[in-house]
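K.L.:
Here you go, one structure.
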Number of protein chains: 2
Amino acid sequence: MVNILNLLKALTDETRLRIINLFIKSGENLCVCELMDALKLPQYTVSKALAVLRSANLLSTEKEGTWVYYKLNKNKPEYKKLFSFLKSYLNLDVFLEDEIRLNERLLLRENNKCVIGIIPEKNLLKLIKQKTKVS
Amino acid sequence: MVNILNLLKALTDETRLRIINLFIKSGENLCVCELMDALKLPQYTVSKALAVLRSANLLSTEKEGTWVYYKLNKNKPEYKKLFSFLKSYLNLDVFLEDEIRLNERLLLRENNKCVIGIIPEKNLLKLIKQKTKVS
DNA sequence: TATTTGCATGCAAAATTTTGCATATATTAT
DNA sequence: ATAATATATGCAAAATTTTGCATGCAAATA
């Protein structure tokens, strides 16, 4: 049984909401470095936010080598109404900008797997420019 | 447009959730003294919680003499999904106990208006005992 | 006009949460 | 084995929120 107060607490934070938004909108499993680039936040901030969401049972993880993929627990029936509610309210500009950066970052995947780790923004932007020029 | 973070912040507090629960479950407009008795909390705690919920536009007020009736803004279309979500999660024991005490307190209304103000718990229980004996 | 009553609110202390750094862990590559 | 890389986390300072008291205000009543 879900305690609604703990559930709301886990969501009541801008970083954590931005993360949830990315999972809802993208439908993808995402690793920490991809979220870092989409959110433009340091690694420890992203990891800590993910830990809170995970301990609220909103996310779960799958490890692949050194990479950790987080995914939204969207099939838990107790969260159906929650996600439906969130979906209709996650419409701030911040969220949209995150989504755009995430889509760019996801272009760098290979076989739908993250192959770029934590790199300086400058290098990231260069890689993205290359990718988008090719297509 | 509703900012979801502010909305969640307003709800992320036990007292405020208990109040929202009472409005959702009872369907009534309620005044501060009635909420005090249902929640067993001091007047300033209840008033402050109500102020937060009001400034998040979840509640609004109607003044009648010295009494102030609060009511849930349940018809605002932007809150439809929120209330539907909340309804399905507001099932903790605390909430149920509040509902029971509220129902007793509401027995003391006359013409569906609050006529008892802020009274010591002892006196309240006596009044309720009388009412329930009669019926 | 003075008092009572229902409710609101300013303020400081206490409690909680967030932030940032440093460092730890685990897996891969050399 | 060593180094490098992706992620996690302990801890203290900073920021935010809650709590409790005291007091304020407005409407009703004496």
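K.L.:
Go through (1) more than 16 Å from DNA strand C (Cβ to nearest atom); (2) open to solvent by 60 Å² or more (accessible area, probe 1.4 Å); (3) within 22 Å of A:Ala10 (Cβ to Cβ) and name the single condition A:Asp93 misses.
P.N.:
(3)
K.L.:
Exactly one of (1) over 21 Å from B:Leu8 (Cβ atoms); (2) within 12 Å of DNA strand D (Cβ to nearest atom) is unmet by B:Arg101. Its number?
P.N.:
Of the numbered conditions (1) over 21 Å from B:Leu8 (Cβ atoms); (2) within 12 Å of DNA strand D (Cβ to nearest atom), the odd one out for B:Arg101 is (2).
K.L.:
Based on what the data block shows, is B:Arg54 over 20 Å from B:Arg109 (Cα atoms) and within 14 Å of chain A (Cβ to nearest Cβ)?
P.N.:
Values: over 20 Å from B:Arg109 (Cα atoms): yes; within 14 Å of chain A (Cβ to nearest Cβ): no.
For B:Arg54, the condition - over 20 Å from B:Arg109 (Cα atoms) and within 14 Å of chain A (Cβ to nearest Cβ) - is not met.
K.L.:
Ok, one more. Free of Cβ contacts under 8 Å to residues at least 24 places away in the same chain, within 16 Å of DNA strand C (Cβ to nearest atom) and either of a type outside the set (D, E, K, R) or on the phi > 0 side of the Ramachandran plot (or both): is that true of A:Val115 in this structure? Talk me through it step by step, then tell me what you get.
P.N.:
On the way: free of Cβ contacts under 8 Å to residues at least 24 places away in the same chain: yes; within 16 Å of DNA strand C (Cβ to nearest atom): yes; either of a type outside the set (D, E, K, R) or on the phi > 0 side of the Ramachandran plot (or both): yes.
Considered against the rule, which asks whether it is free of Cβ contacts under 8 Å to residues at least 24 places away in the same chain, within 16 Å of DNA strand C (Cβ to nearest atom) and either of a type outside the set (D, E, K, R) or on the phi > 0 side of the Ramachandran plot (or both), A:Val115 comes out as yes.
K.L.:
Same structure again: Say whether the condition of being within 13 Å of B:Ile118 (Cβ to Cβ), free of Cβ contacts under 8 Å to residues at least 12 places away in the same chain and more than 13 Å from chain A (Cβ to nearest Cβ) is met by at least one residue in region B:20-42.
P.N.:
Within region B:20-42, one or more residues are within 13 Å of B:Ile118 (Cβ to Cβ), free of Cβ contacts under 8 Å to residues at least 12 places away in the same chain and more than 13 Å from chain A (Cβ to nearest Cβ).
K.L.:
Looking at A:Lys74, A:Lys80, which one is charged (D, E, K, R), without any contact (Cβ under 8 Å) to a residue 60 or more places away in the chain, in contact with a helix residue (DSSP H, G or I) (Cβ under 7 Å, 6 or more places away or on another chain) and away from DNA strand C (no atom under 16 Å from the Cβ)?
P.N.:
Just one listed residue meets the conditions, A:Lys74.
K.L.:
Then there is this: Condition check: more than 9 Å from the chain's Cα centre (by Cα), among the polar types (S, T, N, Q) and within 13 Å of chain A (Cβ to nearest Cβ). Does B:Thr15 satisfy that?
P.N.:
Spelling it out, B:Thr15 is indeed more than 9 Å from the chain's Cα centre (by Cα), among the polar types (S, T, N, Q) and within 13 Å of chain A (Cβ to nearest Cβ).
K.L.:
May I ask you to list the residues in region A:96-114 that are open to solvent by 30 Å² or more (accessible area, probe 1.4 Å) and of a type in the set (D, E, K, R)?
P.N.:
A:Glu97, A:Glu99, A:Arg101, A:Glu104, A:Glu110, A:Lys113
K.L.:
Does A:Asn91 meet the test of being closer than 16 Å to A:Asn29 by Cα and among the polar types (S, T, N, Q)?
P.N.:
no
This table checks each residue for (1) at pLDDT below 95; (2) within 14 Å of chain B (Cβ to nearest Cβ).
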residue: A:Lys74; (1), (2): yes, no
residue: A:Lys80; (1), (2): yes, yes
residue: A:Tyr89; (1), (2): yes, yes
residue: A:Glu99; (1), (2): no, no
residue: A:Leu102; (1), (2): no, no
residue: A:Cys114; (1), (2): no, no
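The values are calculated or read from the model by the stated rules, or taken from the named source; none is laboratory data. On a predicted model such as this, the values are computed, not experimentally measured, just so you know. Cβ: placed from backbone, ideal geometry, glycine included. Neighbour counts: every protein chain shown. For accessibility, only protein heavy atoms count, side chains too; no ligands or nucleic acids. Shrake-Rupley method; radii C 1.70, N 1.55, O 1.52, S 1.80 Å.
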